[in-house]
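Remarks on the structure that follows.
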Amino acid sequence: MLVLKIAALALVTGLLVLTLKKDQPAFAFLVSAGSAGAVLALAAQQMQPVLDLVETLSRYAGGQSAGCILRVLGIALIAQFAADLCRESGLAAAANAAELGGRALALLQALPLFQSLVDSLLHFLQ
(Lines give C-alpha, C1' and ligand atoms only; values in the text may rest on other atoms or scores of the structure.)
Protein backbone atom coordinates (compact mmCIF):
# COMPACT_ATOMS: atom_id res chain seq x y z
CA MET A 1 0.00 0.00 0.00
CA LEU A 2 3.01 2.28 0.36
CA VAL A 3 3.38 2.39 -3.41
CA LEU A 4 -0.14 3.82 -3.66
CA LYS A 5 0.79 6.59 -1.23
CA ILE A 6 3.92 7.38 -3.21
CA ALA A 7 1.99 7.37 -6.48
CA ALA A 8 -0.68 9.68 -5.02
CA LEU A 9 2.01 12.02 -3.71
CA ALA A 10 3.68 12.07 -7.12
CA LEU A 11 0.38 12.78 -8.89
CA VAL A 12 -0.56 15.63 -6.54
CA THR A 13 2.97 17.03 -6.77
CA GLY A 14 2.87 16.89 -10.55
CA LEU A 15 -0.41 18.78 -10.66
CA LEU A 16 0.86 21.40 -8.20
CA VAL A 17 4.10 21.88 -10.07
CA LEU A 18 2.30 22.27 -13.40
CA THR A 19 -0.05 24.81 -11.84
CA LEU A 20 2.69 26.81 -10.13
CA LYS A 21 5.36 26.58 -12.82
CA LYS A 22 4.07 29.36 -15.05
CA ASP A 23 3.39 31.91 -12.28
CA GLN A 24 5.69 30.94 -9.42
CA PRO A 25 8.58 28.77 -10.68
CA ALA A 26 10.46 29.06 -7.38
CA PHE A 27 7.51 27.66 -5.44
CA ALA A 28 7.10 24.92 -8.03
CA PHE A 29 10.69 23.87 -7.44
CA LEU A 30 10.19 23.90 -3.66
CA VAL A 31 7.08 21.73 -3.98
CA SER A 32 8.98 19.32 -6.22
CA ALA A 33 11.99 19.17 -3.89
CA GLY A 34 9.78 18.72 -0.83
CA SER A 35 7.89 15.91 -2.48
CA ALA A 36 11.12 14.19 -3.49
CA GLY A 37 12.36 14.48 0.09
CA ALA A 38 9.11 13.00 1.40
CA VAL A 39 9.36 10.02 -0.96
CA LEU A 40 12.99 9.55 0.03
CA ALA A 41 12.02 9.58 3.72
CA LEU A 42 9.26 7.02 3.10
CA ALA A 43 11.69 4.76 1.25
CA ALA A 44 14.35 5.14 3.94
CA GLN A 45 11.91 3.98 6.61
CA GLN A 46 11.31 0.77 4.70
CA MET A 47 15.02 -0.04 4.34
CA GLN A 48 15.59 -1.19 7.94
CA PRO A 49 14.89 -4.91 7.28
CA VAL A 50 17.33 -4.87 4.37
CA LEU A 51 20.00 -3.21 6.51
CA ASP A 52 19.45 -5.78 9.25
CA LEU A 53 19.87 -8.62 6.75
CA VAL A 54 23.06 -7.12 5.33
CA GLU A 55 24.44 -6.70 8.86
CA THR A 56 23.64 -10.34 9.66
CA LEU A 57 25.28 -11.54 6.45
CA SER A 58 28.36 -9.42 7.07
CA ARG A 59 28.75 -10.95 10.54
CA TYR A 60 28.70 -14.43 8.96
CA ALA A 61 31.17 -13.41 6.27
CA GLY A 62 33.49 -11.74 8.76
CA GLY A 63 34.68 -8.52 7.27
CA GLN A 64 33.91 -4.94 6.48
CA SER A 65 32.86 -5.49 2.88
CA ALA A 66 29.11 -5.14 3.53
CA GLY A 67 29.58 -1.85 5.35
CA CYS A 68 31.77 -0.58 2.55
CA ILE A 69 29.19 -1.53 -0.07
CA LEU A 70 26.41 0.15 1.92
CA ARG A 71 28.43 3.37 2.19
CA VAL A 72 29.09 3.34 -1.55
CA LEU A 73 25.40 2.75 -2.30
CA GLY A 74 24.41 5.54 0.07
CA ILE A 75 26.81 7.96 -1.60
CA ALA A 76 25.49 6.98 -5.03
CA LEU A 77 21.86 7.50 -4.02
CA ILE A 78 22.50 10.86 -2.37
CA ALA A 79 24.58 12.10 -5.31
CA GLN A 80 21.88 11.03 -7.77
CA PHE A 81 19.20 12.75 -5.67
CA ALA A 82 21.25 15.96 -5.56
CA ALA A 83 21.90 15.82 -9.30
CA ASP A 84 18.22 15.30 -10.05
CA LEU A 85 17.29 18.30 -7.90
CA CYS A 86 19.87 20.41 -9.72
CA ARG A 87 18.53 19.31 -13.11
CA GLU A 88 14.99 20.09 -11.96
CA SER A 89 16.03 23.65 -11.20
CA GLY A 90 17.84 23.99 -14.53
CA LEU A 91 21.40 23.76 -13.21
CA ALA A 92 22.95 21.18 -15.51
CA ALA A 93 26.55 22.07 -14.59
CA ALA A 94 25.82 21.68 -10.87
CA ALA A 95 24.10 18.36 -11.58
CA ASN A 96 27.16 17.08 -13.45
CA ALA A 97 29.41 18.28 -10.62
CA ALA A 98 27.26 16.48 -8.04
CA GLU A 99 27.45 13.26 -10.04
CA LEU A 100 31.22 13.56 -10.49
CA GLY A 101 31.71 14.29 -6.80
CA GLY A 102 29.54 11.32 -5.90
CA ARG A 103 31.54 9.03 -8.14
CA ALA A 104 34.83 10.23 -6.68
CA LEU A 105 33.60 9.77 -3.10
CA ALA A 106 32.18 6.34 -3.89
CA LEU A 107 35.50 5.28 -5.37
CA LEU A 108 37.31 6.61 -2.31
CA GLN A 109 35.01 4.64 0.02
CA ALA A 110 35.51 1.49 -2.07
CA LEU A 111 39.31 1.58 -1.87
CA PRO A 112 39.50 -0.72 1.22
CA LEU A 113 37.36 -3.25 -0.61
CA PHE A 114 39.63 -3.10 -3.66
CA GLN A 115 42.68 -3.47 -1.41
CA SER A 116 41.15 -6.52 0.25
CA LEU A 117 40.40 -8.02 -3.16
CA VAL A 118 43.97 -7.47 -4.37
CA ASP A 119 45.38 -8.93 -1.14
CA SER A 120 43.18 -12.02 -1.53
CA LEU A 121 44.24 -12.42 -5.15
CA LEU A 122 47.94 -12.11 -4.27
CA HIS A 123 47.54 -14.59 -1.41
CA PHE A 124 45.82 -17.01 -3.77
CA LEU A 125 48.58 -16.73 -6.39
CA GLN A 126 51.37 -17.44 -3.87
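The values are calculated or read from the model by the stated rules, or taken from the named source; none is laboratory data. Here the structure is a predicted model, which is why all the values come from computation and not from measurement. Here the Cβ is made from the backbone with ideal geometry for all residues, glycine too, and neighbour counts use every protein chain on show. For the accessible areas, the whole protein counts, side chains as well, though only heavy atoms, and no ligand, DNA or RNA atoms are used. Shrake-Rupley method; radii C 1.70, N 1.55, O 1.52, S 1.80 Å.
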**OP:** Filter the range 75-92 for residues that are out of contact with any Asp or Glu (no Cβ under 9 Å at 6 or more places or on another chain), part of a helix (DSSP H, G or I) and either farther than 30 Å from Val17 by Cα or open to solvent by 80 Å² or more (accessible area, probe 1.4 Å) (or both) and give the result.
**Re:** Leu77, Ile78, Arg87, Glu88
Original post:
Name the residues in the range 5-61 that are over 20 Å from the mean Cα position of the chain (by Cα) and modelled with pLDDT under 85, would you?
Top reply: Thr56, Leu57, Ser58, Arg59, Tyr60, Ala61
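Somewhere in the range 39-53, is a residue farther than 26 Å from Ile75 by Cβ, surrounded by 13 or more Cβ atoms within 10 Å (Cβ to Cβ) and not charged (D, E, K, R)? Working first, answer last.
Taking the range 39-53 and keeping what is farther than 26 Å from Ile75 by Cβ, we get none.
Checked the range 39-53: no residue is farther than 26 Å from Ile75 by Cβ, surrounded by 13 or more Cβ atoms within 10 Å (Cβ to Cβ) and not charged (D, E, K, R).
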Original post:
Of (1) over 22 Å from Ser32 (Cα atoms); (2) surrounded by 15 or more Cβ atoms within 10 Å (Cβ to Cβ); (3) at pLDDT 90 or above, Gly101 satisfies all except one. Which?
Top reply: (2)
Original post:
Condition test on Leu107, is it open to solvent by 40 Å² or more (accessible area, probe 1.4 Å), within 18 Å of the chain's Cα centre (by Cα) and touching a residue at least 24 places away in the same chain (Cβ under 8 Å)?
Top reply: no
**OP:** Please work out if Ala28 is in contact (Cβ under 8 Å) with a residue 24 or more places away in the chain, within 30 Å of Ala93 (Cβ to Cβ) and open to solvent by less than 50 Å² (accessible area, probe 1.4 Å).
**Re:** no
**OP:** Please go through the range 57-74 and pick out each residue that is surrounded by 11 or more Cβ atoms within 10 Å (Cβ to Cβ) and in a helix (DSSP H, G or I).
**Re:** Leu57, Ser58, Ser65, Ala66, Gly67, Cys68, Ile69, Leu70, Arg71, Val72, Leu73, Gly74
